[in-house]
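> Below you will find the structure I want to go over with you.
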Amino acid sequence: MTGDVILRAEGLKKYYPIKTGVIRRTTGHVRAVDGVSFELLRGETLGVVGESGCGKSTLGRMLMRLEEPTEGTLNFDGADVYSLKGEDMRRLRRDIQIVFQDPYTSLNPRKTVGDIIGEPFEIHPDVVPKAGRRKRVQELLEQVGLSPEHINRYPHQFSGGQRQRIGIARGIALNPKVLICDEPVSALDVSVQAQVINLLEKLQNELNLSYVFIAHDLSVVRHISDRVAVMYLGKIAELGDDAQIYDHPTHPYTQALLSAVPVPDPETTRNRHQIVLQGDVPSPANPPSGCRFHTRCWRAQPICSTTEPQLVEHDDGHGTHRSACHFAEPFVPAS
């Protein structure tokens with residue numbers, strides 16, 4: 001990491017209208033992302049973790065501008081992403097690419113691997129001369145651990161892990177600066193997950209990539225991330241270095257997530273303090289007032305239901321990191 005900011009999000013929101021009745025009148029909104037702010041440093045991996053439905057993937061698509069924001073700004077290397085149009089936006093696409101979650105549906109089954117990986121060169125023809133594209137695609141296949149001879153095969157001829165490698169090769173084809181990884185290993189076997197994670201780390205070192213790594217598996221996020229943002233119901237609950245988040249979390253939701261992580265040692269499992277959350281995750285169409293976690297929080301006080309806590313720095317005695325809790329206090333989970 002060089003320390004300079006390559007991507008900065010400020011107050012990002014994405015509301016989806018709820019339409020009812022014959023005339024499809026808007027009667028409410030699903031607040032998928034509701035005021036998210038963070039910075040991504042050059043060469044850094046920012047992990048985004050949370051339960052299903054917390055807004056992680058929507059956030060990732062907003063960073064790619066596959067979803068337009070309801071509100072907020074996104075600055076990439078000095079450029080206001082949401083104000084760019086036409087050719088300026090097309091040029092920016094080279095610098096921010098995405099690897100999708102499902103390797104079985106993100107690849108066109110009617111196209112060969114060579115066509116899939118080479119498609120970015122059709123859209124951006126000045127990146128690689130037409131005569132050299134086949135060779136470049138073969139180099140990309142080799143770079144992600146596949147044989148260059150596979151260039152004429154189709155996606156159905158590959159395993160899930162190999163398909164995801166093809167998706168990664170497509171993602172790095174234009175030499176991007178930022179790669180959005182939207183749960184890239186959640187559909188893979190555990191042993192294959194480790195291989196893909198190691199590949200991503202290798203490519204990051206070789207190409208000086210910055211990652212936004214979205215996942216719901218806490219152990220995967222810890223393995224690859226420099227910093228971690230924990231999301232709950234469209235907001236960031238806690239944000240800090242991976243060691244601070246995993247070893248000294250201060251937000252009750254983060255503490256509950258970590259206490260539920262399986263531990264291979266039976267004795268440690270018996271002696272650990274496990275937090276069992278009560279109730280279900282509220283609907284993003286009707287989130288609770290104040291702190292969104294207060295309906296399930298054992299630490300909640302009257303202020304939690306009326307006043308929304310801000311994501312501010314807390315000193316837990318092991319350094320400072322940001323937590324959105326009125327009563328943030330450290331908790332050491334079993335390792």
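The values are calculated or read from the model by the stated rules, or taken from the named source; none is laboratory data. Computed from a predicted structure; not experimentally measured. Cβ sites come from the backbone with ideal geometry, for glycine too, and all protein chains shown count toward neighbours.
> Evaluate the range 70-82: report whether one residue or more is assigned to a loop (DSSP other than H, G, I, E, B), touching a helix residue (DSSP H, G or I) at 6+ places or on another chain (Cβ under 8 Å) and more than 30 Å from Asn198 (Cα to Cα).
Of all residues in the range 70-82, those assigned to a loop (DSSP other than H, G, I, E, B) come to 70, 77-78.
Adding the requirement that they be touching a helix residue (DSSP H, G or I) at 6+ places or on another chain (Cβ under 8 Å) leaves 77.
Among the residues that remain, those that are also more than 30 Å from Asn198 (Cα to Cα) are: none.
Taking every residue of the range 70-82 in turn, none turns out to be assigned to a loop (DSSP other than H, G, I, E, B), touching a helix residue (DSSP H, G or I) at 6+ places or on another chain (Cβ under 8 Å) and more than 30 Å from Asn198 (Cα to Cα).
> While we're looking at this one, here's another question. So the check is Cβ under 9 Å with 6+ separation or different chains; which pairs have a first residue in the range 216-227 that's in contact (Cβ under 8 Å) with a residue 60 or more places away in the chain and a second one that's basic (Lys, Arg)?
Taking only residues 6 or more apart or on different chains, the pairs are His216/Lys56.
> Just name the residue that is farthest from the chain's Cα centre (by Cα) out of those in the range 106-140 that are more than 17 Å from Ile172 (Cβ to Cβ) and exposed (fewer than 12 other Cβ atoms within 10 Å of the Cβ).
Ala131
> Listed residues Leu174, Leu199, Leu209, Leu188; which is surrounded by 21 or more Cβ atoms within 10 Å (Cβ to Cβ) and either touching a strand residue (DSSP E or B) at 6+ places or on another chain (Cβ under 9 Å) or assigned by TED's automatic domain parsing to the domain that holds Ile96 (or both)? It would help to see each step written out before you state the result.
Numbers: Leu174 fails: surrounded by 21 or more Cβ atoms within 10 Å (Cβ to Cβ); Leu199 fails: surrounded by 21 or more Cβ atoms within 10 Å (Cβ to Cβ); Leu188 fails: surrounded by 21 or more Cβ atoms within 10 Å (Cβ to Cβ).
Among Leu174, Leu199, Leu209, Leu188, only Leu209 is surrounded by 21 or more Cβ atoms within 10 Å (Cβ to Cβ) and either touching a strand residue (DSSP E or B) at 6+ places or on another chain (Cβ under 9 Å) or assigned by TED's automatic domain parsing to the domain that holds Ile96 (or both).
> Look at Gly60 and say whether it is assigned to a strand (DSSP E or B) and closer than 27 Å to Ala256 by Cα.
Details: assigned to a strand (DSSP E or B): no; closer than 27 Å to Ala256 by Cα: yes.
Against the criterion (assigned to a strand (DSSP E or B) and closer than 27 Å to Ala256 by Cα), Gly60 does not qualify.
> A follow-up question, please. For the structure I just gave you, tell me whether Glu51 is over 30 Å from Val261 (Cβ atoms) and acidic (Asp, Glu). Quick ask: steps written out before the conclusion?
On the way: over 30 Å from Val261 (Cβ atoms): no; acidic (Asp, Glu): yes.
In short, no.
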